[in-house]
Every structure is written in C-alpha cells, then in structure tokens.
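To keep things clear, I will list the structure first and then write my remarks on it.
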Amino acid sequence: MTSNKKILTVNDHEVEFTNERNLLEVIRKAGVDIPTFCYHSALSIYGACRLCLVEVEGTNGRPNMIMAACSTIPQEGMVLHTDTKEIRAMRKVAVELLLANHNVECPTCSRSENCKLQTVARQLGVEQIRYKKLEKFAPIDTSSPSIQYDPNKCVLCGDCVRVCTEVQGVGAINISKRGSSARITPAFGAGLGEVECVNCGQCAAICPTGALIPKQDRHKVWDALYDPTKTVVVQIAPAVRVAVGEYFGAKPGENYAGKLVAALKFMGFKHVYDTCFTADMTIFEEATEFIDRFTKKENLPLFTSCCPAWVKYCETYFPEMLPNVSSCRSPQAMFGALAKKVLPEQLGCKREDLVVVSIMPCTAKKYEAQLDKFKTDGVPETDIVITSSEIQRMIGSLGVKIDELEPEAFDMPLGFSTGAGVIFGTSGGVMEAALRYVVEKVEKETLTNVDFKAVRGMDKIKEAKLSTLAGEVSVAVVHGLASAKALVEKIKKGEVHYDFVEVMACPGGCISGGGQPFGVNNEIRMQRQAGTYVADKAAQLQKPQDNFIVAKCYEEVLGGQPGSHEAHELLHTSYKNRSQVFDAKAPAMRGTDDKRVPITVTVCAVNNPELGEKYVAGVAKYVKEKGYTSAIDLDVAFSAMHNECVVVGEQSVADLGCDSAMEKIYAAIDEEVAALRS
C-alpha cells in the first residue's frame, strides 16, 4: 500500500505532510506559529495581511523566493525559512503601517486583553511606529442594537466579510474602495442596523482587533444597580456557564455557574435566575406544538424559534417559511415576560421598578429584546442584555477574584431547571430536549434512556429517525446559517423530508455565540459542548417535563397546561416579513387613519403570478366590504425569487394555494384591525 505522506523542510527540520491545503498549515504542524491576521482554517484563503511570509529556497539555480504561506500549496522537497532578517523587517513594516492607521486606545478598548494586533506587535518586537499617524478618524457605526463597528481599528483582514458570506450566507458587509480609502462596510455606506444583518455577531467573534465588538450595554446595568429605587434581577443563559470561566483561567467547558452566581450577588443583583428554567418551559410549549402539528400533518417541518438570528434570517430570506417556524418565544423572551408578570408581587416591588437583566452568549439577543413585540406599554420585558464578554469586564472592574469565590445556587423559583435546559446551549440540545418530552408523551411510558446521541456532535447537518406509536418522526439539526439555507432549499424542493428541524445560527450553537470569549475554534467548541452534557448528567432531573416548578407555574399562572390561552398570550409570538428582495413594490391602497395595518402581497412573477393577483384582488375587495379602508395599507410586491406570500401586520399567512387560504387571510385581517382599534 502506498503512502501519501510527503516531506518538506522547515527551518532545517523535516516535516511530514499529507493533505494540508497550504504551507501555513504544514508550518504550524511543525510547531512554528508564524503571525497572520487574515487566515482562518474555517474560511477561504484571502492572503491580504502578508504577515505569514516565508522564504522558499530556489531549485536548479533559481533564486530564493518570498511567498505568503497561507496561499502557497506545499510540495515535496520544499525548503522553507520562516524567520530571516528580510522577512522580520517586512513583517514589522506591515504591523507599523497597521498601527499608524489604527486608533490606538488600548487601555479603554474592550478587546485590549485579547487583541491580536497587540499580540503580533509584541511578538515581532515593534517598539516604535515610524510612519505618520492617522489624524482624522471615521465615525463609529452604532446603528445596530447588537454590534458596534469602529473602522479606525480595522486592519482589513477580511475575516468578518468571509464569515458573514461563507459561514452565515448573509453577505451584509464587504470591502469597499481601494488603497487608503478601503474599508469594511455594508452596501452604499449604510449602517449595520440598516441592512440585512441578522445580528448573529460572528463578525465580532472572529475580528482580531476591536473593530467589531458586541454593543456595550454594561453601563446600563451599573446605572440600574446603583439606583436604590430599582430591584435588579438577572438571568444566565445555558451556554454562558461553560465558556465564561475561560476569562478567569478555567478550561473550556468547565461549569462556572455557581461562581458566576456568587459574583453577581456580590455585585448587587437582588436575585440570580437561570434561563434554563424557561428553556424547560420552551419545551413544554414547543413540543406540544410539534405533537399537534405532527398529528394533524400541518405546517411541517416545524422549525425551532430559540435563535433570534435564525428567526430574522428566515423573516428576511424565507418569509414563505414563517408559518413553519414555531410560534414559541425564545427562553430569554419567555423569561422576561414571566418575570415581569410574577416577580413584582413575589419581590414586593412595582413592575416599573423591576429591572430584568440577561447574560447571554449571543449578540442577537440584544436585538431581540428591543423588538416592539417584546415590550409592554413601550417598556421591554427584558430590560438589558449583556454578553459573556461584558459580564467578565464588569466582574473584573470590581476586583473580584471569582475563582476564589464559593459557588452559590440560583434563586428559586425561576432558578430550577433540568439537564435538558442546560443542553439548549449547544447544537442539537434543543432537539434532544424536545425529543425527551415528545417520545415520553407519545409513548405514554416513562422514558428511561434520555440520551438521543444521533443529534449530538459538530456535523453541520445531523439527521435522525425515531419510530413512535404516532408514526416515524424524522428530525434534523443544522448550525451555521449558510448550512441552514442549503437545508431549507432542499426542503422547499421536496428533496428531503423532516418533521422537526432545529436551527442555530452560530457554528456549534450558542456555545460559540458572538458574545462568548474570543478565539474559539472547533476544539474549544467541542469542549464547551461536552461541558453542557456533563452539566446535564449532573442535574437532578434530565427531562423537561419533570420540572415540577414549571408545572406549578402552569397551574398558577399559565392556564393549567401547555398550549393554553394564557400560555399563548405570554409565551408565544408572531413573525414579520422583512424581505427586501423585490423587483418592484407598488402601493395598492392607502388608509387615512393615524395607525394602520400594513398588508403585503408578494406576487411571484415567475411561478404563478395569477395566484398572487387573486390574493391582491381578494384582499382589496374584503377590506372595502368590511369598511376597513381607512385602517389598511395594502402593498403589492413583485418578486422573481420568492413564492406567493401574504403578510398581514406581522402575521405571515400559511398554506397559500389551498382552499382555505382566503379565509385565513380574512381572519388575520379581522384580528389585526380589531387589535388596532381596541
């Protein structure tokens, strides 16, 4: 049998290589970590920063050549030198130029502790900058509720552009212009909050400097904690506990929940709760919703709704699939609604004086919390969302040695959860938690083996089939929005069939969200993922339906059972067509009232324009007959990319083409107008 191993020489040492895609990977395999900004193993080769230069000895009388290691294919017999006087000088010049064009405010920068530019500058021994410093700074983009972009700290490595396009399939940003005018920007110079960005924060997670960071909201938390009239409580998301400890020297995956609770109480939070409580509650609702849909064979597959970045992605790129998305709120949104309803009485404070803070691994949760649909009388149900990186800075600012604190327990009643709630933080966890509930409910027998390992792991798409008394259930788990897009396209074309699909926007799930500790790779993801399953096994209970405090909450607050009217009012939501992909859009009817219900009918100019035109005519006629004309804005959108879609207010009407479609549209119009006029 022949071997595909080959040999080249790195700094006078022979190194074997096989299928490494470039010299950089071979050199790192040899234990030499040459600097680079623009290289990332999960992304395409870009070759922009020119820091990974190596000298390759010439053969047959040819001179030695300086090459970029990241974009050069390894060949048998190559002789490389990674550090020569010439290469060192070239690297130092490159870094000095970057620093000359960089807003060097290191002591106050949120990335000061883990800035790659600082690391490389120290590694190369850069002690002075011989070039003229940048004097005029560009404005900072704060338009997004989730992410802040400072172009003055950008090194144009392109990592953010490639992760947005290649991993997330969004392409909200790109490199504009050339030379000294080049910069990362959305199309036409718009702000991040004005384009199709889904707020996932993977651009911030991969940015090697402080150019892209989670929006900083910790000052709002301090203001609330220092206000004696406020009662401040906090919830901690599942994925935070297996990552935040990395800031304090712990290994990835180590459960830091107890120490974090102790630190938060030291900071002055009145009570510290666990988002896993409402993760369990989410399964009560979502699994019940799935069983109902599966029994009726309606709007399948059911897509999970825990990830706000995925929800916005679907609203933007696949609005025709919104009827398939679970109407359940995310655990964060459920917690905020529930906390504002039950805690004022329990804690002896007014609702308006209760401040609910959320510690999340995810930047999209900041976006979610400020949506109007998650506000009551204009006040958010979750008041402030901060990330793992922000709470680390808050703890550090107090001088608290968290690793020396004695772990403390979450407060009751919203601090009790099962292991199923903890695994929500990793890809496959929501699906596994739901299956623990569904299988037991359908089989009507106590589930003894709660592990559904087929949906675990780091594969981008995982599939499983289960035989139950209700029939075979086909499920899928996908992470990364580009992978989700590919899966949805196959579902739409009928190439694959699933009954239940879990989608998480970030690679590996929430464990590597945009607000988690910087520098995540696949090995760290797997360690964090393993940590969630260790916490699951350590829990007293592992099935969400065994959370007796959630069950008691249903009895006292939520109408007695999952799916009740009270539960729908507090724990469910609706979605909005955010698609901008129209060839043309024209107003068909304009009301005169101050507040009006927007209705958009998308007519597909390719597939079946007659059907869309039928809905336009039907809606216009119905509005006139019911006397709604003054309260309605009707738009007709023409698209070559989307199928027919009717959105009434924020409701996307399902099953277009079926006999009852018009009745569903009429019912949605009646509901929205009634709500508007009430």
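The values are calculated or read from the model by the stated rules, or taken from the named source; none is laboratory data. Everything numeric in this text was worked out from a predicted model, so none of it was measured. All Cβ positions, glycine included, derive from the backbone under ideal geometry; neighbour counts span all protein chains shown. The protein model used for the area step is the full one, side chains on, heavy atoms only, and it has no ligands, DNA or RNA in it. Shrake-Rupley method; radii C 1.70, N 1.55, O 1.52, S 1.80 Å.
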* Asked: Here are some conditions: (1) open to solvent by less than 30 Å² (accessible area, probe 1.4 Å); (2) under 30 Å from ASP353 (Cβ atoms); (3) touching a Pro at 6+ places or on another chain (Cβ under 7 Å). LYS215 meets all but one. Which one does it not meet?
  -> (1)
* Taking interchain pairs and intrachain pairs at least six residues apart, which have beta carbon atoms under 8 angstrom, with the first residue in segment 602-630 and basic (Lys, Arg) and the second open to solvent by less than 20 Å² (accessible area, probe 1.4 Å) and modelled with pLDDT of 90 or more? -> LYS626/ILE669; LYS626/VAL673
* Asked: Hey, does segment 222-230 have a residue that's without any contact (Cβ under 8 Å) to a residue 60 or more places away in the chain, touching a Cys at 6+ places or on another chain (Cβ under 9 Å) and over 25 Å from ALA482 (Cα atoms)?
  -> no
* Taking the condition within 16 Å of the chain's Cα centre (by Cα), surrounded by fewer than 21 Cβ atoms within 10 Å (Cβ to Cβ) and part of a loop (DSSP other than H, G, I, E, B), does GLY193 pass? -> no
* To do: Please name all residue pairs, on different chains or six or more residues apart, with Cβ atoms under 8 Å, provided the first residue is in segment 119-140 and is without any contact (Cβ under 8 Å) to a residue 40 or more places away in the chain and under 28 Å from GLY193 (Cβ atoms) and the second residue is of a type in the set (Asp, Glu) and surrounded by 14 or more Cβ atoms within 10 Å (Cβ to Cβ).
  => ILE140/ASP150
* Would a scan of segment 636-649 turn up a residue that is modelled with pLDDT of 70 or more and either open to solvent by 40 Å² or more (accessible area, probe 1.4 Å) or in a loop (DSSP other than H, G, I, E, B) (or both)? -> yes
* Just a yes or no: is a residue in segment 159-176 in a loop (DSSP other than H, G, I, E, B) and under 18 Å from GLY47 (Cβ atoms)? -> no
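Any idea how many residues of segment 273-293 are open to solvent by 10 Å² or more (accessible area, probe 1.4 Å) and among the hydrophobic types (A, V, I, L, M, F, W, C)?
Keep residues of segment 273-293 that are open to solvent by 10 Å² or more (accessible area, probe 1.4 Å), which gives 284, 288-289, 291-293.
Pick out the ones that are also among the hydrophobic types (A, V, I, L, M, F, W, C) and you get 284, 291.
Residues meeting the conditions: 2.
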* Asked: Do you know which of the residues in segment 168-182 that are open to solvent by less than 30 Å² (accessible area, probe 1.4 Å) and among the hydrophobic types (A, V, I, L, M, F, W, C) is nearest to the chain's Cα centre (by Cα)?
  -> VAL170
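For segment 426-528, list the strands (runs of 3 or more DSSP E) that sit wholly inside it and hold at least 2 residues that are within 21 Å of CYS307 (Cβ to Cβ) and either without any contact (Cβ under 8 Å) to a residue 60 or more places away in the chain or open to solvent by 20 Å² or more (accessible area, probe 1.4 Å) (or both); which are they? Spell out the reasoning first.
Details: elements: 461-468, 471-479, 500-504.
Because the criterion is at least 2 residues that are within 21 Å of CYS307 (Cβ to Cβ) and either without any contact (Cβ under 8 Å) to a residue 60 or more places away in the chain or open to solvent by 20 Å² or more (accessible area, probe 1.4 Å) (or both), the strands (runs of 3 or more DSSP E) in segment 426-528 that meet it are 461-468, 471-479.
Return yes when CYS109 is within 23 Å of CYS362 (Cβ to Cβ), in contact with a helix residue (DSSP H, G or I) (Cβ under 8 Å, 6 or more places away or on another chain) and at pLDDT below 80 and no when it is not. Walk me through it before giving the result.
Details: within 23 Å of CYS362 (Cβ to Cβ): yes; in contact with a helix residue (DSSP H, G or I) (Cβ under 8 Å, 6 or more places away or on another chain): yes; at pLDDT below 80: yes.
Here the answer is yes, as CYS109 does meet what is asked.
This table checks each residue for (1) more than 30 Å from GLY179 (Cα to Cα); (2) in contact with a Leu (Cβ under 6 Å, 6 or more places away or on another chain); (3) not basic (Lys, Arg).
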| site | (1), (2), (3) |
| --- | --- |
| VAL10 | yes, yes, yes |
| ASN19 | yes, no, yes |
| CYS38 | no, no, yes |
| CYS49 | no, no, yes |
| GLY58 | yes, no, yes |
| ARG62 | yes, no, no |
| GLN75 | yes, no, yes |
| LYS85 | no, no, no |
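For segment 196-248, give me each residue that is among the aliphatic types (A, V, I, L, M), closer than 22 Å to HIS40 by Cβ, assigned to a loop (DSSP other than H, G, I, E, B) and in contact with a strand residue (DSSP E or B) (Cβ under 9 Å, 6 or more places away or on another chain).
Just the residues of segment 196-248 that are among the aliphatic types (A, V, I, L, M), to begin with: 198, 204-206, 211-213, 221, 224-225, 232-234, 236-237, 239-240, 242-244.
From what is left, the residues that are closer than 22 Å to HIS40 by Cβ are 198, 204-206, 211-213, 239, 243.
Okay, now just the ones that are also assigned to a loop (DSSP other than H, G, I, E, B), so 198, 211, 243.
Once the filter is applied, which keeps residues that are among the aliphatic types (A, V, I, L, M), closer than 22 Å to HIS40 by Cβ, assigned to a loop (DSSP other than H, G, I, E, B) and in contact with a strand residue (DSSP E or B) (Cβ under 9 Å, 6 or more places away or on another chain), segment 196-248 yields only ALA211.
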* Structure fact -> Checked pairs for segment 666-678, first on the phi < 0 side of the Ramachandran plot and among the aromatic types (Phe, Trp, Tyr), second assigned to a helix (DSSP H, G or I) and surrounded by 15 or more Cβ atoms within 10 Å (Cβ to Cβ), C-beta under 8 Å and 6 or more apart or across chains, list as TYR666/TYR622
* Extreme residue, modelled with the lowest pLDDT, among residues of segment 570-586 that are in contact with a helix residue (DSSP H, G or I) (Cβ under 9 Å, 6 or more places away or on another chain) and open to solvent by 40 Å² or more (accessible area, probe 1.4 Å) -> VAL581
* Structure fact -> Looking across segment 85-124 at residues that are in a helix (DSSP H, G or I) and among the polar types (S, T, N, Q), the single one that is nearest to ILE66 (Cα to Cα) is GLN123
* Asked: Within the set of pairs 6+ apart or on separate chains, which have a first residue in segment 178-200 that is touching a residue at least 60 places away in the same chain (Cβ under 8 Å), a second that is surrounded by fewer than 17 Cβ atoms within 10 Å (Cβ to Cβ), and C-beta atoms under 7 Å apart?
  -> GLU196/GLN580
* Would you pick out the residues in segment 73-103 that are under 19 Å from ASP33 (Cβ atoms) and open to solvent by less than 20 Å² (accessible area, probe 1.4 Å)? -> PRO74, LEU80, THR82, ILE87, ARG91, VAL95
* Single condition CYS106 does not satisfy, out of (1) open to solvent by 20 Å² or more (accessible area, probe 1.4 Å); (2) in contact with a Ser or Thr (Cβ under 7 Å, 6 or more places away or on another chain); (3) under 20 Å from VAL32 (Cα atoms) -> (3)
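Of the residues GLY47, GLY58, which is under 30 Å from GLY169 (Cα atoms), open to solvent by less than 40 Å² (accessible area, probe 1.4 Å) and either assigned to a loop (DSSP other than H, G, I, E, B) or touching a residue at least 60 places away in the same chain (Cβ under 8 Å) (or both)? Working first, answer last.
Values: GLY58 fails: under 30 Å from GLY169 (Cα atoms).
Residue meeting the stated conditions: GLY47.
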* Residues of segment 139-163 satisfying the condition of being touching a Gly at 6+ places or on another chain (Cβ under 6 Å) and open to solvent by 10 Å² or more (accessible area, probe 1.4 Å) -> ASP141, SER143, LYS153
* Can you run down the residue pairs with Cβ atoms below 6 Å, 6 or more apart or on separate chains, where the first is in segment 302-330 and among the aromatic types (Phe, Trp, Tyr) and the partner is open to solvent by 10 Å² or more (accessible area, probe 1.4 Å)? => PHE303/ASN324
* Of the residues LYS265, LYS297, LYS270, which is surrounded by fewer than 24 Cβ atoms within 10 Å (Cβ to Cβ), without any contact (Cβ under 8 Å) to a residue 24 or more places away in the chain and either over 15 Å from VAL240 (Cβ atoms) or among the β-branched types (Val, Ile, Thr) (or both)? -> LYS297
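Please verify whether segment 404-415 includes one or more residues that are without any contact (Cβ under 8 Å) to a residue 12 or more places away in the chain and open to solvent by 40 Å² or more (accessible area, probe 1.4 Å).
The answer is yes, given that some residue of segment 404-415 is without any contact (Cβ under 8 Å) to a residue 12 or more places away in the chain and open to solvent by 40 Å² or more (accessible area, probe 1.4 Å).
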* For segment 349-364, name all the residues that are in contact (Cβ under 8 Å) with a residue 60 or more places away in the chain and either in a helix (DSSP H, G or I) or not β-branched (Val, Ile, Thr) (or both). => CYS349, ASP353, LEU354, SER358, MET360, PRO361, CYS362, ALA364
